[in-house]
Amino acid sequence: MSRPFVTGIAARVFLPFAAGYFISYLFRVVNAVIASDLAGDIGIGPSALGLLTATYFISFASFQVPLGLLLDRFGPRRVEAVLLIFAGIGAVLFARAESLAGLIVGRALIGFGVSSCLMAAFKAYTIWFDRQHWPMINGFQMASGGLGALAATYPVEVLLGFTDWRGVFMLLAGMTWAIAVLVFVVVPERRDGLSPEPIARQWQGVRQVFADRGFWRSAPLTTMSQTALLAIQGLWAGPWFRDVVGLDREGVAASLFGIAVAMICGWLVLGTLAGRLVQRGYDLMLVAVAGMAVFIVVQLLLLVCPVSWALPLWLAFGFFGTSGIIAYPALSQMFPLQLSGRVSTAINLLVFVTAFIGQWLIGVIIAFWPVGADGRYAVPGYRTGFLLMAGLQILGLVWYVVSSRRAR
């Protein structure tokens, strides 16, 4: 049965889920702008700041396997609407926190609450649209997250001129609840592609995904590529511009704004290009791997090139960092439609566990060097942490090449 994208129903499916991913990504990266405010108000160093921000990832990751079961059984509309309620509660707790522990609890609840925002959308699109549309529609979905990343930069900095970071999070709580209502009321219900199987049978589907050799050929590279993007762009890019380039707050926000725009362009251009290449007979996973390889090169150039090259290289970082998301529909195509939710959440579990470790670990590495009297972190700490991320991606790329040759 054909399920074309350009219809009124398609707008009812796409727009609410796009709004959900917008707020999810805004939550994910907003700490990059308010990092100095959090560090000053609560009195925390780089290691604690990395742990706090990365708590979003581990909370997000911990719910991915049950999320896949819920999406395949109950559908994306109901699951996302309910979870967003918890995200709003987490934002309120974060805004009212007076200690690191309170911030971590609020951040964890936010991560749990938005854990379905991308996977629910991917599940909905596998239900409503034909396979050839998946790379394009997924690209547009990711672009909505890029808009959230964009909103978390310079617009948040402007908003901080009228309120503090606590007021920002209270505003985000209200927006989150409004989007929960939008998803529940506007998105139509469709039972195609859902699995009414007993829970035991559904767990067999999870095991089927994790036991598949094809899944593990590309999973390490996809995981580490997305980890680098999330860990660095979501927190450490902001302090990097402050400490390495020497930008002020407005300069940092403007630079992060530029990266977010580059990410939006990457998701739109690369997603559309991938769809066209697939129609011409190219393998979708190979397209994703090529983009992730370019992303590795960009990161290595950031480590060795002079600071005057920083802006164009960071724009390339944002653009090619989106390549990893092309692997998601490529992996889904390897399994039956009824398993699509579990496939996406399986790779997302790996991504967000390693993103938690990676973002925290970069902070731990930076903390090995003394903090300057002006609160700035040492440049060698950034280089060491970023080099570790690039090295892990290189290992993932080597594994993909070697295992693919063995499979052939």
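The values are calculated or read from the model by the stated rules, or taken from the named source; none is laboratory data. Bear in mind the structure is a predicted one, so any value in this text is a computation, not a measurement. Cβ: placed from backbone, ideal geometry, glycine included. Neighbour counts: every protein chain shown. Surface accessibility is based on the protein's heavy atoms, side chains included, excluding ligands, DNA and RNA. Shrake-Rupley method; radii C 1.70, N 1.55, O 1.52, S 1.80 Å.
Structure values in brief
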| read-out | value |
| --- | --- |
| Condition met for VAL371 (surrounded by 17 or more Cβ atoms within 10 Å (Cβ to Cβ), modelled with pLDDT under 85 and of a type in the set (Val, Ile, Thr)) | no |
| Sole residue being under 22 Å from the mean Cα position of the chain (by Cα) and touching a residue at least 40 places away in the same chain (Cβ under 8 Å), chosen from ALA95, ALA124 | ALA124 |
| Among residues of the range 288-302, those that are touching a residue at least 40 places away in the same chain (Cβ under 8 Å) and open to solvent by less than 40 Å² (accessible area, probe 1.4 Å), counted | 8 |
| Test: residue in the range 310-321 that is open to solvent by 30 Å² or more (accessible area, probe 1.4 Å), over 11 Å from LEU229 (Cα atoms) and aromatic (Phe, Trp, Tyr) | no |
| Scan of the range 225-260 for residues that are surrounded by fewer than 21 Cβ atoms within 10 Å (Cβ to Cβ), assigned to a helix (DSSP H, G or I) and modelled with pLDDT under 90, ordered by number | ARG249, GLU250, GLY251, ALA254, PHE257 |
| Test result for PRO336, free of Cβ contacts under 8 Å to residues at least 12 places away in the same chain and within 29 Å of LEU247 (Cβ to Cβ) | no |
| Qualifying residue in the range 141-152 (condition: surrounded by 24 or more Cβ atoms within 10 Å (Cβ to Cβ), within 16 Å of the chain's Cα centre (by Cα) and not in a helix (DSSP H, G or I)) | yes |
| Number of positions in the range 333-368 that are open to solvent by 10 Å² or more (accessible area, probe 1.4 Å), in contact with a helix residue (DSSP H, G or I) (Cβ under 6 Å, 6 or more places away or on another chain) and of a type in the set (S, T, N, Q) | 1 |
| Residue check, VAL105 buried (at least 22 other Cβ atoms within 10 Å of the Cβ), at pLDDT 90 or above and in a helix (DSSP H, G or I) | no |
| Evaluation of ARG190 against (1) under 26 Å from LEU350 (Cα atoms); (2) modelled with pLDDT under 85 (one fails), failing number | (1) |
| Those residues of the range 385-399 which are open to solvent by 30 Å² or more (accessible area, probe 1.4 Å) and touching a helix residue (DSSP H, G or I) at 6+ places or on another chain (Cβ under 8 Å), in sequence order | LEU387, LEU388, LEU392, ILE394, LEU395, LEU397, TRP399 |
